[in-house]
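Heads up, the thing below is written out as structure tokens.
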Amino acid sequence: MNIRVLIGLIVTFIGLFAMVYLIAGGAQFPIYQWPKEAYLGLVFSVVWGGGVAASVAYFFSALVFVTVAVVCYAIGYKIGGLFSSKSEA
């Protein structure tokens with residue numbers, strides 16, 4: 001595993017944790033339940049605020065989490081290129 005992939009994964013986990021903290025950080029739940037509460041809170045917000053079906057909201061919320069992970073990985077991969085000695089695309 002090269003440095004670009006490693007930094008990409010680190011930034012991905014930091015980004016996902018930051019998103020979960022922003023959504024569920026104020027909840028009175030243990031920290032190991034925050035990801036579930038963040039996901040269900042996002043589902044509730046989409047259903048209640050957008051007036052869509054629950055199945056659509058579950059899919060959309062999962063898509064939001066995946067999108068945040070992919071974007072954070074891409075940013076971390078680019079940052080990792082600054083520390084790489086080889087010139088890779």
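One line per residue, one yes/no per condition, for (1) closer than 18 Å to G15 by Cβ; (2) loosely packed, with under 11 Cβ neighbours inside 10 Å:
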| residue | (1), (2) |
| --- | --- |
| Y32 | no, yes |
| Y39 | yes, no |
| V46 | no, no |
| G51 | no, yes |
| A54 | no, no |
| Y58 | no, no |
| V68 | yes, no |
| A74 | yes, no |
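The residue pairs whose first member lies in segment 1-30 and is among the hydroxyl-bearing types (S, T, Y), whose second member is assigned to a helix (DSSP H, G or I), and whose beta carbons are closer than 8 Å, counting only pairs six or more residues apart or on different chains, are T12/A69; T12/C72; T12/Y73; T12/G76; Y21/W34. The residues of segment 5-30 that are open to solvent by 70 Å² or more (accessible area, probe 1.4 Å), under 19 Å from Y73 (Cβ atoms) and not aromatic (F, W, Y), listed by number, are L6, I10, I14, L22.
The values are calculated or read from the model by the stated rules, or taken from the named source; none is laboratory data. Note that the structure is a prediction, hence the values are computed from the model and not measured. Every residue, glycine among them, receives a Cβ derived from its backbone with ideal geometry; neighbour counts consider all protein chains shown. All accessible areas refer to the heavy atoms of the entire protein, side chains included, with ligands and DNA or RNA removed. Shrake-Rupley method; radii C 1.70, N 1.55, O 1.52, S 1.80 Å.
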